Amino acid sequence: MSLLQMEQVSHRYGSQRFLSRQTERTVLQDVTLTLEAGTCLGLLGRSGAGKSTLGRILLGLERPTAGRVLFEGQDIYRTTANDYRQDIQVVFQDSFAAVNPKMTAGQIIAEPLTNFTRLAPDALQHRLVTLIEQVGLTRADLAKYPNQFSGGQLQRICIARAIATNPKLIILDEAVSSLDMVNKALILALLGELKDKYDLSYLFITHDLQAAQALSDRFVILDQGQIVGEYPTRKAFVDATDPHVLAIKNAMLATHPRYRTIRK
Ligand SMILES: Nc1ncnc2c1ncn2[C@@H]1O[C@H](COP(=O)(O)OP(=O)(O)OP(=O)(O)O)[C@@H](O)[C@H]1O
Ligand SMILES: [Mg+2]
């Protein structure tokens, strides 16, 4: 049994315009994909392709208009059991927006632990120290506030919060996209280590082909709400003539200005 299966998932957003007909937009169309436990599936696509919508559907935040989402064989939109919520966590792109500025790092990381577990104060403190050290920060950092951290450090705190409840799946929605090259490489390495150590599975949402190849075992490309390509293994050669791969590459600016071309 796969950890996660999406079967023919479609989604439409409706909008009620004043004095005009209701318009509906299909943002996902018959999306079928599977994610095996212990692997990282990259989900690539240009801006507006529907990637975050797909992530929100997996998190139970957006009910799909059609199709099924099975987590460990259980349809998450047809079950009353809520235990899968603890098993699926998320890390977003904007770490500053993802945390409460009035909470310390310790309080931020403790939030899912107090929601989902009943740890005694001593055990909770011990767990917080383990978690913050695991993401490369120190126990002294637990008392600091978000504005005392860099973007890369705060993203580490968001990762510590995501792994706090020992989830099975973490959705990384552009989790390294706003980091500089050095921090991006460091966070990708950290995510790789944590995945191996805790046997985690990732859905790695990104528009960055290089980052996807660095972390993913395989990836799919989503274009205008549809899966248009599926590619194996992170290090394998990806056909440079594939139009969907080229579209992703062209949508990104080359890192060095010398390799940038102005497209008309
Ligand atoms: N709550 C919403 N209501 C209506 N339309 C929405 C809503 N959220 C997203 N959309 C629209 O759905 C489409 C897909 O959006 P989505 O955020 O899933 O794309 P994305 O692939 O994550 O893009 P990006 O790479 O820019 O984050 C977009 O056209 C967007 O405008
Ligand atoms: Mg998005």
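What the table below lists for this structure:
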{"read-out": "Residues of the range 35-81 that turn out to be of a type in the set (Val, Ile, Thr), away from ligand 1 (no atom under 16 Å from the Cβ) and surrounded by fewer than 21 Cβ atoms within 10 Å (Cβ to Cβ), as a count", "value": "3"}
{"read-out": "Residue among Val91, Val99 that is modelled with pLDDT of 95 or more, closer than 25 Å to Ile159 by Cβ, within 16 Å of ligand 1 (Cβ to nearest atom) and surrounded by 18 or more Cβ atoms within 10 Å (Cβ to Cβ)", "value": "Val91"}
{"read-out": "Where a residue in the range 52-71 is of a type in the set (Val, Ile, Thr) and its partner, wherever it lies, is at pLDDT 95 or above and within 12 Å of ligand 2 (Cβ to nearest atom), with Cβ under 8 Å and at least six apart", "value": "Thr53/Val27"}
{"read-out": "Whichever residue in the range 4-32 is open to solvent by 10 Å² or more (accessible area, probe 1.4 Å) and hydrophobic (A, V, I, L, M, F, W, C) and, among such residues, is modelled with the highest pLDDT", "value": "Val27"}
{"read-out": "Subset tally (residues that are at pLDDT below 95, over 22 Å from the mean Cα position of the chain (by Cα) and surrounded by 12 or more Cβ atoms within 10 Å (Cβ to Cβ)) for the range 115-133", "value": "2"}
{"read-out": "Any pair with Cβ under 7 angstrom, 6 or more apart, that starts in the range 239-256 at a residue that is modelled with pLDDT of 80 or more and ends at one that is open to solvent by less than 60 Å² (accessible area, probe 1.4 Å) and part of a loop (DSSP other than H, G, I, E, B)", "value": "Val245/Val238"}
{"read-out": "For Ala185: the one exception among (1) more than 15 Å from the chain's Cα centre (by Cα); (2) modelled with pLDDT under 95", "value": "(2)"}
{"read-out": "Check on Leu179, crowded, with 19+ Cβ neighbours inside 10 Å and under 14 Å from the mean Cα position of the chain (by Cα)", "value": "no"}
{"read-out": "Qualifying residue in the range 142-151 (condition: more than 20 Å from Leu124 (Cα to Cα), touching a residue at least 40 places away in the same chain (Cβ under 8 Å) and of a type in the set (Ser, Thr, Tyr))", "value": "no"}
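The values are calculated or read from the model by the stated rules, or taken from the named source; none is laboratory data. Everything quoted here is computed from the prediction, not taken from an experiment. With ideal geometry, Cβ positions are generated from the backbone for all residues, glycine too; neighbour counts draw on all protein chains shown. Surface areas here come from the heavy atoms of the whole protein model, side chains and all, with no ligands, DNA or RNA. Shrake-Rupley method; radii C 1.70, N 1.55, O 1.52, S 1.80 Å.
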